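Presented below is the structure to which this report refers.
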């Protein structure tokens, strides 16, 4: 009779559960080289739970083909993925592991206030909402945050953070942080990626862009050196048939109102370039320019920064250290330690206000992010 691949243990249930979660964290994400793990059996109380990530149910939309993650502003796959993963046998184990991690949620705008409110209610039941100041204190005192700590953040500071998010946060007593693009404050300028999309759809052309379908425009612009991106945007503006409509942005008074309501204000650069495509002088100017503007408006210098597009930049970190920043946030769709080991490189989970509560649970537990990383590796 063939030998079973299941393992047994005489250790305590708590120790076996901890071993299970550790084994799962080794499976997701898989090694960066070689093939994905194939037959590693994870057990608890001697019973197999899952033999590999492939044992999870395939993520199929109604049409049938497996979904692949795509690069979007929120990087959010369809909610169908969360619906499947919610019933995966490993979800309770990921949830147990997440209790000892820090979850920083990265939103942009709030387009669905009702869904966003349901997510906040979920946080109040399942987690311990913490403030930016609490994270800073944990770093300063080298003392881990409470179990199940969650920090809510917003990138770009869309006006809906004031009109939709702030009332919901105040009602539930949940603190948050908003990272601001300083050159938009007090204007009606659209975000540059919205403007580029509009211009391309209304006849805009640029020499450095093989425009093709407008849906590919943003990816090509982000891949350009920053001077080329700015030049291409200018060419789109002068060649398009129409100008984009104005977009009301936050004002300095709005920033003070957010802060008074428990939403800390952080730096997100002057114009939201891809820092990795900028020269050293531009990296410094983007950070220091926004820092000076926010200090002038708020009366105090900001202490937290969110990297545009979520990627870490060593040169940016050097500038942040010089300016006295205590916290820096990525958008790498990961949980982090309750005591951040790299305070200027804190992981965040990407989430949207339209995300269903079922998928929201799998993001908060770390299962959906881990599954996405494994799927990307396997692809």
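Quick note: the coordinates plus some simple rules give every number you see, no bench work behind them. It should be emphasised that the depicted structure is a prediction, and the values quoted were computed from it without experimental measurement. Quick reminder, even Gly has a Cβ in these numbers, built from the backbone with ideal geometry, and neighbours come from all protein chains shown.
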Per residue, the convex hull volume that the Cα atoms of the range 239-379 enclose (Å³): 201
Kirkwood Rh, angstrom, the range 192-239 [1 / mean 1/r, Cα pairs]: 10.2
Extended-chain gain in nm, criterion 0.36 nm per residue less alpha-carbon gap, residue 114 and residue 237: 40.6 nm
Span from the the range 285-327 Cα centroid across to the the range 169-224 one, whole angstrom: 20
Relative contact order computed over the range 192-239 (Cα-Cα under 8 Å; 6+ residues apart), in percent: 49
Net length gained if the chain between residue 228 and residue 210 were fully extended (0.36 nm per residue, minus Cα distance): 5.1 nm
Neighbour-count order for 234, 194, 272, fewest beta carbons within 10 angstrom listed first: 234, 194, 272
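Could you please rank 329, 154, placing first whichever residue has the fewest other Cβ atoms within 10 Å of its Cβ? All intermediate terms of the calculation are to be shown ahead of the outcome.
Details: 329 30, 154 25.
Result, fewest neighbours first: 154, 329.
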Taking N as its residue count, the alpha carbon Rg of the range 316-357 over 2.2 N^0.38 Å: 1.41
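List 309, 241 from most exposed to least, where exposure is judged by having the fewest other Cβ atoms within 10 Å. Present the calculation step by step, with values, prior to reporting the outcome.
Numbers: 309 17, 241 9.
With the fewest neighbours first, 309, 241 line up as 241, 309.
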